[in-house]
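Shown next, in structure tokens, is the structure this report addresses.
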Amino acid sequence: MTKSELVERIAAKMPNLTIKDVERIVSVVFQRLTRALADGDRVEIRGFGAFSVRSRKPRVAINPKNKKRVDVPEKRIIHFKTGKELHCKLNA
């Protein structure tokens, strides 16, 4: 599902809101989630799951084309853990 499809589905269920209002709401929610994760906070949506930021240690990788070693610096990644409700729906 794309962001525009999400907006359309929410707008269809909420006829009192215009599509522009729904677009703004969805954008604000995504901006807040992004800002919280960038600040290193954990974001939990009950029944859906939790997003957190983890650090990956620096390592040495090998380029498969030329077999040369490449230093990969430390980086932060987003980790997602499904909530109990979502997990049960996926594995029913």
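Summary table below
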read-out	value
Every residue from segment 40-79 that is part of a loop (DSSP other than H, G, I, E, B), of a type outside the set (Lys, Arg) and closer than 30 Å to residue 8 by Cα	41, 47, 48
Sole residue being surrounded by 11 or more Cβ atoms within 10 Å (Cβ to Cβ), in a helix (DSSP H, G or I), charged (D, E, K, R) and touching a helix residue (DSSP H, G or I) at 6+ places or on another chain (Cβ under 6 Å), chosen from 8, 23	23
Residues (more than 14 Å from the chain's Cα centre (by Cα) and either within 19 Å of residue 76 (Cα to Cα) or modelled with pLDDT of 95 or more (or both)) located in segment 29-60	39, 55, 56, 57, 58, 59, 60
Only one of 54, 46, 24 that is of a type outside the set (A, V, I, L, M), in contact with a strand residue (DSSP E or B) (Cβ under 9 Å, 6 or more places away or on another chain) and free of Cβ contacts under 8 Å to residues at least 40 places away in the same chain	54
Positions within segment 29-44 being of a type outside the set (Phe, Trp, Tyr) and open to solvent by 70 Å² or more (accessible area, probe 1.4 Å), in sequence order	29, 31, 32, 34, 35, 39, 41, 42, 44
Any hit, segment 60-73, residues being within 29 Å of residue 6 (Cβ to Cβ) and of a type in the set (Gly, Ala, Ser)	no
Hits in segment 1-28 - residues which are hydrophobic (A, V, I, L, M, F, W, C) and closer than 24 Å to residue 76 by Cα	28
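The values are calculated or read from the model by the stated rules, or taken from the named source; none is laboratory data. All values reported here derive from a predicted model rather than from experimental measurement. As a convention, Cβ positions derive from the backbone with ideal geometry for all residues, glycine included, and neighbour counts pool all protein chains shown. Side chains included, ligands, DNA and RNA excluded: accessible areas come from the protein's heavy atoms. Shrake-Rupley method; radii C 1.70, N 1.55, O 1.52, S 1.80 Å.
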